[in-house]
Amino acid sequence: MRSAYHLMPPVAMLLILGLADHASSTEAPAACLPDQASALLQLKRSFNATIGDYPAAFRSWVAGADCCHWDGVRCGGAGGRVTSLDLSHRDLQASSGLDDALFSLTSLEYLDLSSNDFSKSKLPATGFEKLTGLTHLDLSNTNFAGLVPAGIGRLTSLNYLDLSTTFFVEELDDEYSITYYYSDTMAQLSEPETLLANLTNLEELRLGMVMVNMSSNYGTARWCDAMARSSPKLRVISMPYCSLSGPICHSLSALRSLSLIELHYNHLSGPVPEFLAALPNLSVLQLANNMFQGVFPPIIFQHEKLTTINLTKNLGISGNLPTSFSGDSSLQSLSVSNTNFSGTIPGSISNLRSLKELALGASGFSGVLPSSIGQLKSLSLLEVSGLELVGSIPSWISNLTSLTVLKFFSCGLSGPIPASIGNLKKLTKLALWHSGAIIHLHEITFLDLSYNQIQGAIPLWAWKTLNLGFALFNLSHNKFTSIGSDHPLLPVYIEFFDLSFNNIEGVIPIPKEGSVTLDYSNNRFSSLPLNFSTYLSNTVLFKASNNSISGNIPPSICDRIKSLQLIDLSNNNLTGLIPSCLMEDADALQVLSLKDNHLTGELPDNIKEGCALSALDFSGNSIQGQLPRSLVACRNLEILDIGNNKISDSFPCWMSKLPQLQVLVLKSNKFIGQILDPSYTGGGNNCQFTKLQFADMSSNNLSGTLPEEWFKMLKSMIMDTCDNDMLMREQHLYYRGKMQSYQFTAGISYKGSGLTISKTLRTLVLIDVSNNAFHGRIPRSIGELVLLRALNMSHNALTGPIPVQFANLKQLELLDLSSNELSGEIL
């Protein structure tokens, strides 16, 4: 709160002296009103007293004390009413959400509850509209879910609104990234127009990671029209990760006060408008990770107040850097990486004397890398690409003593790495993709040498001098043959350790001090170290697929099953039984792939409630017995592949109780009986798989007729739902706010040839009942499955004509009805 003091004329001063008693009683601020204190104490009780900074936040909040003097509380005027409440950054937790007592503080002008945890509760639908005097509202990083209340849109005095969730994306290489974020969920905004219609005084709007849902009659391109029309005073538009689409509206050109535009990580398209260069106060233009097209207006580079231009990962944007950068430029960060920029890099880039980040990772750059870059002594990040760049990695790089990040990738530079790079004492991240060789740097905590041709053993110094620990150590996609250490327990901590796609043999190495992700896939490793799970206390992802690992899965892995979220040991030579804990204690494990090994025995069948499994792949083993009925406890299960085993069972109608199941592969087993087994469906149970999109039951002993009614229950193959693009989707894993991805694939057969579903066929909808003993007519109801892409009914005893309803299958790409007893005409 601000206080103003003014000199008074003598007559006024005499008048005040004459009324001294009255003046003294009115000038003293009134004590907090009882109803205000009561509301605050009720709000205090809604937080968990054992979590976060609760003791310090509420130490002064004592009943009977003047609440106007409590920490974070301010009262205005002489009314004793609370006008400011600031509980930000206290890490408080309210498991029941925001208490309604807050809305009794109707004189609030300033409210900041940011960086506290409201446990994924919904924002109150009503109440905010009572805070009519509110000018500042900050609910960022509060872990609220649900719709943004309409009442916020009625706060006509509001000039600052922040509902965002902070996130940070760390690009580990050109394909793999980790997303760090504060909250576990995101709020949703039905239409920007509804929120902004009455916020005519709004100056700052921060909605990062608030999902904006556009109605069909509103139009995806009109989100910015609502801002320009309703909030003409806007200075800040920060809406990253909001699912925005369409072009940037020309109407934004009317917002002459705009100084910051952050629209990265959306689906925006069209050209980057030239009018942005005419916004006189624009300092930040963040448009990364969108789908913009066309030539970037070169005049924008000449804007003297711009400090940030980020166009990263807009592959449709083309353009050239200006031949002459102005010495009056304020640019501190310039990024055109992963765009279609081309041409030469001008020597005048050294005129950008304030530059701290320069990302020129566009493959179209050509010519010589100008030595004048070596004059930019404030550079902390330098990223260079360009297949047509010529010459060697320049020695002047060593002049950039402020560098913390240096990346050369997919470029035409050749020759050795200058030894003088070792003098860059602040360098913590070094990435040399598709170029270079190993160099000894003591302070590196981020080393990426992936996608090169480096051979031989990993140097011994890597394990002796990395005692500070590594955030990332990525040597994938090279030709290493040895870890270069006599012992598989490495005396280091490596948060993200990737040795995949090499030729390394022997025992798998384990960082003794721990890791979060470990990827050893696609090598020649033959065994796991003894008691290796002892060192997996913080490990979330463990991948060792496509190796030659033999022996049993060590039972000791059960000691760390509480932290592991993904285990992939597929395509190895593992034998023996599946440790029961991998399924029975899977309250953290989400993805388990053991396919293409030599595992035997039966699947564990004591799966507990709370099972977190979303994907199971046991295909290509020798597993016997029945499918475990306790699998219904895995309510999040989306993928089950048990193909190519020795399972003896009936068709699992009981699995229709799994609400998320999308992929069911039963092929090449010993399943018998009918699809609609009367012993199951006769008791009032149905066999309705509401989300099933990939059903492969080929090469079994299933018999009977194909039931018309069963195909009618495959709703996700009949209607286009929001989940259709989830088939074969990436499995998302979460660890301390870090999101990672894992891709599953499946195989199909056609005319005896195997096909593997590629990453691009995410919407493949398939039914395969081939190589069974089905008889009777082809069900006409299959013609209602309009989303089908592949249908294989070959090698059965089906009779009658091909249903005319098949003409409705407009998306069908693969149809195999061979080796049946069909008759009639093909229409």
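Observations on the model:
- Simple label model, 7 Å out from Cα along Cβ direction - SER420 to LEU147, nm: 6.4 nm
- Exposure of CYS634 as accessible area (Å², to 10), given a probe of 1.4 Å and all protein chains: 0 Å²
- Within straight-line reach of LYS44, meaning a Cα separation under 26 Å, sit the following lysines at least 8 residues removed in sequence or on another chain: LYS120, LYS122, LYS130.
- Ranking LEU530, LEU355 from most to least accessible surface, computed with a 1.4 Å probe over the protein chains only, gives LEU530, LEU355.
- Rounded to the nearest 10 square angstrom, MET211 shows an accessible area of 40 square angstrom against a 1.4 Å probe.
- Put a dot 7 Å past the Cα of LYS562, heading toward its Cβ, do the same for TYR180, and the two dots end up 2.6 nm apart.
- The 1.4 Å probe gives accessible areas that order VAL632, VAL272, VAL62, largest first, as VAL62, VAL632, VAL272.
- Counted charge near PHE365, where neighbours are those whose Cβ lies closer than 13 Å (Asp, Glu -1; Lys, Arg +1): -2
- Answer label, with Cα extents along the principal axes in Å calculated from the coordinates and candidates (1) 115, 79, 53; (2) 145, 55, 54; (3) 112, 70, 59: (3)
- Entries of LYS543/LYS670; LYS562/LYS667; LYS543/LYS595 with Cα pairs more than 20 Å apart: LYS543/LYS670; LYS562/LYS667
- Potential lengthening between SER257 and LEU387 on full extension [0.36 nm per residue; Cα-Cα distance subtracted]: 42.7 nm
- Solvent-accessible surface ranking, highest first, for HIS477, HIS795 at 1.4 angstrom: HIS795, HIS477
- Here r is the Cβ-Cβ distance between ASN686 and ALA797 and R0 is 22 Å; the resulting FRET efficiency, rounded to 0.05, is 0.25.
- Nearby lysines by direct alpha-carbon distance to LYS715 (threshold 21 angstrom, same-chain neighbours under 8 apart not counted): LYS657, LYS691, LYS810
- Ligands, DNA and RNA left out, the 1.4 Å accessible surface of segment 289-452 is 51% carbon and sulfur atoms.
- Shape call, segment 48-117: gyration tensor on alpha carbons, a/c limit 1.5: prolate
- Solvent-accessible surface of the chain, taken per residue with a 1.4 Å probe and all protein chains present: 41 Å².
- Anchor LYS407: lysines whose Cα lies under 20 Å away (excluding residues fewer than 8 positions away in-chain): LYS313, LYS356, LYS377, LYS425, LYS426, LYS429
The values are calculated or read from the model by the stated rules, or taken from the named source; none is laboratory data. Just so you know, these numbers come straight off a predicted model, no measurement behind them. In this analysis, Cβ positions are derived from the backbone assuming ideal geometry, glycine residues included, and neighbour counts consider all displayed protein chains. For accessibility, only protein heavy atoms count, side chains too; no ligands or nucleic acids. Shrake-Rupley method; radii C 1.70, N 1.55, O 1.52, S 1.80 Å.
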